[in-house]
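J.: Submitted below is the structure of interest, expressed as structure tokens.
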Amino acid sequence: MKPTGNTSLITGGTSGIRLALAVTLQAAGNKLIIAGRRQALLDQASHAHPGMTGYALDMADVAGIAGFAAKLVKDHPDLNVLINNAGIMQAEDLVKADFDIAEITVTTNLPGPFRLTAALLPHLMARASATLINVTLGLVFVPLVATPTHKPPKQPSIPTANPCAISFATPRLRCRNSPHPPWMPLSPKRWAF
């Protein structure tokens, strides 16, 4: 991925290290688009970082993903980087047999990024240079007992399990899979894309 001059979408880019990544990429000379479920956080991030654009996106909403992708490509035809970084992790109580959290966790963390990638893939493959990056948490390797359904849907983001690196890579579209270690450098000078 070229370090500057990109139009990048970061899903889940409204807070924490994901927002820090968006801010760092923007400071390096990239146009940044963030997507997330909560409009208030999108507005807050866009206001705090002029030039950053926020779009509402629920990765569990099948129809919403398709509509989002169509609008995004229409509004930003120069989009050339997709960073799949959205995900949820909530504490679960399996003893109570309430599977609502488990179902939304699985739907958001597994088919959500695949659906978004599929919806944006024709556009990205038509770009002269494009990059697809899938990010996951280090907790995939060391899961928490309180979040038993978080680990399984995030495992396909691990480089050896993600079909992106095998199926989508073309000379024009580079795919990267990245575990999200807490020591990830945020300085563009230290990235190894």
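J.: Report yes if some residue within the stretch 116-131 is open to solvent by 80 Å² or more (accessible area, probe 1.4 Å), over 21 Å from Met1 (Cα atoms) and assigned to a helix (DSSP H, G or I); otherwise report no.
T.: Scanning the stretch 116-131 turns up no residue that is open to solvent by 80 Å² or more (accessible area, probe 1.4 Å), over 21 Å from Met1 (Cα atoms) and assigned to a helix (DSSP H, G or I).
J.: Further question: Using the structure shown, decide if Ala60 is within 20 Å of Gly13 (Cβ to Cβ), among the small types (Gly, Ala, Ser) and at pLDDT below 90. Walk me through it before giving the result.
T.: Details: within 20 Å of Gly13 (Cβ to Cβ): yes; among the small types (Gly, Ala, Ser): yes; at pLDDT below 90: yes.
Yes; evaluated as a whole, the condition is true for this residue.
J.: If you don't mind, another one. I need the full set of residues from the stretch 1-18 which are modelled with pLDDT under 90, crowded, with 17+ Cβ neighbours inside 10 Å and not β-branched (Val, Ile, Thr), in order please.
T.: Passing the criteria: Met1, Gly12, Gly13, Arg18.
J.: Within the stretch 47-74, can you find the residues that are in a helix (DSSP H, G or I), surrounded by fewer than 18 Cβ atoms within 10 Å (Cβ to Cβ) and of a type in the set (Gly, Ala, Ser)?
T.: If the condition is that a residue be in a helix (DSSP H, G or I), surrounded by fewer than 18 Cβ atoms within 10 Å (Cβ to Cβ) and of a type in the set (Gly, Ala, Ser), then Ala48, Ala63, Gly64, Ala66, Gly67, Ala70 are the ones that fit.
J.: Of all residues in the stretch 8-46, which are at positive phi and part of a loop (DSSP other than H, G, I, E, B)?
T.: Passing the criteria: Gly12, Gly29.
J.: For Leu139, work out the one condition from (1) more than 22 Å from Ala20 (Cβ to Cβ); (2) modelled with pLDDT under 75 it doesn't fulfil.
T.: (1)
J.: Test of understanding: among Ala27, Ala40, Ala35, which residue is surrounded by fewer than 23 Cβ atoms within 10 Å (Cβ to Cβ), under 27 Å from Met125 (Cα atoms) and among the small types (Gly, Ala, Ser)? Outline the logic, then answer.
T.: Working: Ala40 fails: under 27 Å from Met125 (Cα atoms); Ala35 fails: surrounded by fewer than 23 Cβ atoms within 10 Å (Cβ to Cβ).
Every option except Ala27 fails the conditions.
J.: Please verify whether Gln90 is over 16 Å from Leu9 (Cα atoms), of a type in the set (S, T, N, Q) and out of contact with any Ser or Thr (no Cβ under 7 Å at 6 or more places or on another chain), treating the condition exactly as stated. Walk me through it before giving the result.
T.: Values: over 16 Å from Leu9 (Cα atoms): yes; of a type in the set (S, T, N, Q): yes; out of contact with any Ser or Thr (no Cβ under 7 Å at 6 or more places or on another chain): no.
Against the criterion (over 16 Å from Leu9 (Cα atoms), of a type in the set (S, T, N, Q) and out of contact with any Ser or Thr (no Cβ under 7 Å at 6 or more places or on another chain)), Gln90 does not qualify.
J.: Using the structure shown, decide if Ala91 is open to solvent by 30 Å² or more (accessible area, probe 1.4 Å), of a type in the set (A, V, I, L, M), over 16 Å from Leu124 (Cα atoms) and in contact with a helix residue (DSSP H, G or I) (Cβ under 9 Å, 6 or more places away or on another chain).
T.: Criteria met by Ala91.
The values are calculated or read from the model by the stated rules, or taken from the named source; none is laboratory data. Source: prediction; values computed, not measured. Please note: Cβ atoms are built from the backbone with ideal geometry, for glycine as well, and neighbour counts cover all protein chains shown. Accessible surface is based on the protein model in full, side chains and every heavy atom, while ligands, DNA and RNA are left aside. Shrake-Rupley method; radii C 1.70, N 1.55, O 1.52, S 1.80 Å.
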